[in-house]
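The values are calculated or read from the model by the stated rules, or taken from the named source; none is laboratory data. These numbers were taken from a predicted model, which means no experiment stands behind them. Positions of Cβ are backbone-derived with ideal geometry, glycine not excepted, and every protein chain shown enters the neighbour counts. We work out accessible area using only protein heavy atoms, side chains counted, and drop any ligands, DNA or RNA first. Shrake-Rupley method; radii C 1.70, N 1.55, O 1.52, S 1.80 Å.
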Amino acid sequence: MFQELEFLRACDELDNPDVEGWELFTDSNDVKIYRLYNKDTGLYSYKVYGELIGVTPEICSKVFTDLEYRKKWDDYVKELRIIKEKEISGIYWQVKFPFPLYNREYIFVHESRELDVNDHHVYVFLNKVHNFSSVPPPSSGIIRVSEYSQSLAITSNGKGGSKAVMHYYDNPGGMIPTWLINWAAKTGVPKFLTTMQTACEGYEQYLAKKNKS
């Protein structure tokens with residue numbers, strides 16, 4: 001589904017961020033977010049550069065892809081499951097939106113690879129919207145997202161932790177005020193990384209409890 005070049009491109013900015021033409025949107029708590037305006041949709045693409053202190057890239061990658069664990073630490077998950085059709089594997093993800101907004105559902109292909117690039121061992125994840133015929137139309141009160149793509153590359157920061165670069169575009173659809181989208185991007189991403197760090201720190205304990213049950 002994804003080409004080799006797409007995985008390599010996801011790694012490009014781990015050492016040398018390319019933000020020419022991008023606007024610095026927020027800079028806080030070891031997280032920098034840049035955005036680029038899309039004239040066609042009136043929305044933004046985002047680049048996120050951040051670090052997770054004291055957490056190895058291996059643990060980060062496992063936490064990012066462990067869907068059952070995600071249901072426990074991510075409060076915005078309403079429904080999350082794997083989809084398989086023939087040789088294609090994907091994910092169904094329903095995200096809770098605050099009242100009175102409708103929940104959003106994301107249906108996308110997901111692929112990951114481990115690469116050795118420029119003396120870094122990198123974990124790369126790519127997502128993009130895909131139509132799975134086995135998934136029925138959205139239920140009443142849910143909006144299906146038709147435009148979504150994400151790349152994430154994680155490697156060691158050389159100090160016992162991880163550094164990551166994420167590039168994503170998301171058109172949630174519906175009538176969402178611009179101020180709310182901006183607020184979610186500015187506060188939600190740093191908060192997510194903080195929450196993910198806590199989840200990474202608790203992952204081994206989660207696995208130990210899971211194996212005992």
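The strands (runs of 3 or more DSSP E) located wholly in segment 118-162 that include 1 or more residues which are crowded, with 17+ Cβ neighbours inside 10 Å and without any contact (Cβ under 8 Å) to a residue 40 or more places away in the chain occupy 120-129, 147-156.
Output the number of residues of segment 14-36 satisfying the condition of being under 23 Å from Val122 (Cα atoms) and of a type in the set (Asp, Glu). Result for segment 14-36: 3. The set of residues from segment 10-34 being in contact with a Phe, Trp or Tyr (Cβ under 9 Å, 6 or more places away or on another chain) and loosely packed, with under 13 Cβ neighbours inside 10 Å comprises Glu23, Leu24.
For Phe108, the conditions (1) open to solvent by less than 40 Å² (accessible area, probe 1.4 Å); (2) without any contact (Cβ under 8 Å) to a residue 60 or more places away in the chain; (3) part of a loop (DSSP other than H, G, I, E, B); (4) not acidic (Asp, Glu) all hold with the exception of (3).
Residues that are in a loop (DSSP other than H, G, I, E, B) and out of contact with any Leu (no Cβ under 8 Å at 6 or more places or on another chain) were ranked within segment 163-183; the one that is modelled with the lowest pLDDT is Pro177. Within segment 184-208, how many residues turn out to be at pLDDT 90 or above and either part of a helix (DSSP H, G or I) or closer than 24 Å to Tyr37 by Cβ (or both)? Looking only at that region, the number is 13.
For the criterion of being over 30 Å from Pro177 (Cβ atoms), in a loop (DSSP other than H, G, I, E, B), open to solvent by less than 80 Å² (accessible area, probe 1.4 Å) and not aliphatic (A, V, I, L, M), Phe7 fails. Taking segment 2-51 as the range and being more than 19 Å from the chain's Cα centre (by Cα) and over 25 Å from Val145 (Cβ atoms) as the test, the residues that pass are Glu4, Leu5, Asp15, Asn16, Asp18, Val19, Glu20, Gly21, Leu24. Taking first residues from segment 34-53 that are under 20 Å from Thr195 (Cα atoms) and partners that are open to solvent by less than 50 Å² (accessible area, probe 1.4 Å) and among the charged types (D, E, K, R), the Cβ contacts under 6 Å between residues at least 6 apart in sequence or on separate chains come to Tyr46/Arg35; Glu51/Lys163. Selection of segment 44-89 for residues being in contact with a Cys (Cβ under 7 Å, 6 or more places away or on another chain), within 14 Å of Leu152 (Cβ to Cβ) and modelled with pLDDT of 95 or more yields Cys60, Val63.
In this structure, Thr194 qualifies as closer than 18 Å to Val31 by Cβ, in contact (Cβ under 8 Å) with a residue 40 or more places away in the chain and open to solvent by 30 Å² or more (accessible area, probe 1.4 Å). Scan segment 173-183 and give yes if some residue there is within 18 Å of Asn38 (Cα to Cα), touching a residue at least 60 places away in the same chain (Cβ under 8 Å), surrounded by fewer than 15 Cβ atoms within 10 Å (Cβ to Cβ) and of a type in the set (Gly, Ala, Ser), otherwise no. Within segment 173-183, one or more residues are within 18 Å of Asn38 (Cα to Cα), touching a residue at least 60 places away in the same chain (Cβ under 8 Å), surrounded by fewer than 15 Cβ atoms within 10 Å (Cβ to Cβ) and of a type in the set (Gly, Ala, Ser).
For segment 35-88, a residue qualifies if it is among the acidic types (Asp, Glu), open to solvent by 50 Å² or more (accessible area, probe 1.4 Å) and not in a strand (DSSP E or B), and the qualifying residues are Asp40, Glu58, Glu68, Asp75, Glu87.
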